[in-house]
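The values are calculated or read from the model by the stated rules, or taken from the named source; none is laboratory data. This structure is a prediction, so every number in the text was calculated from the model and none was measured. Ideal geometry is used to build each Cβ from the backbone, glycine not excepted, and the neighbour counts take in all protein chains shown.
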Amino acid sequence: MRGTRKAAGVALTLAAALTLAACGGGGEEEPAAGGDTAAEEGGEGGAGGEGLTIGIKFDQPGLGLKEGDEYTGFDVDVAKYVAEKLGYSEDQIEFTEAVSAQRETLLENGSVDMIFATYSITDDRKERVAFAGPYFVAGQDLLVRADDEDIQGPEDLEGKILCSVSGSTSAQRVKDEYAAGTQLQEYQGYSECVESLAAGTVDAVTTDDIILAGLAAQPQYEGQLKVVGNPFSEERYGVGLPQENDQCEDINAAIQEMIDDGTWEELIAKNAGENYTPDPDLNPPTEFEACA
């Protein structure tokens with residue numbers, strides 16, 4: 001993975017080192033012919049064979065959440081499953097935060113080997129990075145109070161107060177395309193939106209359905225909130241990779257195995273709550289990105 005170089009023979013390495021020392025110079029050694037170090041060491045990839053660096057979200061309950069030294073969520077569990085199929089044990093994984101605006105840069109500069117962070121596959125992004133998957137297909141939906149039977153979709157938000165985060169286009173899309181009379185409320189984070197929803201200050205929260213399900217599944221909101229279950233967009237969550245990579249096909253095979261052996265459904269129920277049902281027309285995914 002990141003930083004991996006093919007090992008040269010011992011004699012060649014010593015000769016190169018002596019030559020450089022004699023010249024008093026330096027420079028990056030070119031990869032030499034020979035066996036792959038990671039493979040020879042039993043799948044320990046990464047620079048020097050120490051592991052795999054994976055970018056995730058740190059602030060999305062049910063998807064990617066960091067609490068102390070613990071990492072939880074659907075993205076995290078899928079990443080662990082895929083990494084294991086690639087030959088990495090859990091203690092060889094280093095999780096690092098992948099803020100949305102920095103994901104392409106993290107892959108381009110080699111800071112991470114791959115990204116599992118609600119990373120929607122788009123043509124614009126594919127100009128800079130590669131994708132495997134998708135491992136989930138989300139859709140924009142609404143989170144409402146559990147006893148609210150009036151809001152069944154975005155058209156029912158006329159005159160209602162809809163919450164989303166600052167800079168997001170989700171709430172504005174509802175106002176522009178479905179209910180012009182919707183009143184918009186923005187906060188810095190979805191946790192504030194959900195607090196306001198539970199308190200009755202706003203009528204609904206909008207973003208991707210699985211993100212909403214993860215928020216609603218937090219213990220403090222048990223039984224209080226529900227995802228409407230009427231998604232009105234399609235977001236294909238992929239595994240972000242550097243454009244030059246040799247892992248895409250293996251990752252797709254691992255995702256397919258995760259679906260076939262039942263683990264995918266178990267991880268959805270574990271992280272998004274048993275009351276959440278992904279769009280059955282889109283999930284589990286049946287078509288993956290073509291690997292270059």
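Worth pointing out:
- Test: residue in the range 101-113 that is basic (Lys, Arg), touching a Gly at 6+ places or on another chain (Cβ under 7 Å) and crowded, with 23+ Cβ neighbours inside 10 Å: no
- In the range 212-248, residue surrounded by the fewest Cβ atoms within 10 Å (Cβ to Cβ) [restricted to those that are assigned to a helix (DSSP H, G or I) and under 18 Å from the mean Cα position of the chain (by Cα)]: Cys248
- Note on the range 209-261: residues that are free of Cβ contacts under 8 Å to residues at least 40 places away in the same chain and not acidic (Asp, Glu) total 5.
- Among the residues making up the range 135-160, those that are among the β-branched types (Val, Ile, Thr) and over 30 Å from Ala83 (Cβ atoms) are Val144, Ile151.
- Selection count, the range 85-100, where residues are surrounded by 14 or more Cβ atoms within 10 Å (Cβ to Cβ) and assigned to a helix (DSSP H, G or I): 2
- Checking each residue in the range 189-201 for being buried (at least 24 other Cβ atoms within 10 Å of the Cβ) and farther than 20 Å from Gly64 by Cβ picks out only Leu197.
- Looking at the range 113-202, the strands (runs of 3 or more DSSP E) lying wholly inside it that each contain 3 or more residues that are among the hydrophobic types (A, V, I, L, M, F, W, C) and touching a strand residue (DSSP E or B) at 6+ places or on another chain (Cβ under 7 Å) sit at 130-138, 140-145, 161-165.
- Among (1) over 26 Å from Glu127 (Cβ atoms); (2) modelled with pLDDT of 95 or more, the one test that Ala213 misses: (2)
- The set of residues from the range 171-188 being closer than 19 Å to Ser100 by Cβ and buried (at least 17 other Cβ atoms within 10 Å of the Cβ) comprises Ala171, Tyr187.
To keep it simple, each residue is scored yes or no on (1) touching a Ser or Thr at 6+ places or on another chain (Cβ under 8 Å); (2) under 29 Å from Phe58 (Cβ atoms).
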site: Leu143; (1), (2): yes, yes
site: Gly153; (1), (2): no, no
site: Asp156; (1), (2): no, no
site: Val165; (1), (2): yes, yes
site: Ser168; (1), (2): yes, yes
site: Val174; (1), (2): yes, yes
site: Tyr178; (1), (2): no, no
site: Tyr187; (1), (2): yes, yes
site: Ser191; (1), (2): no, yes
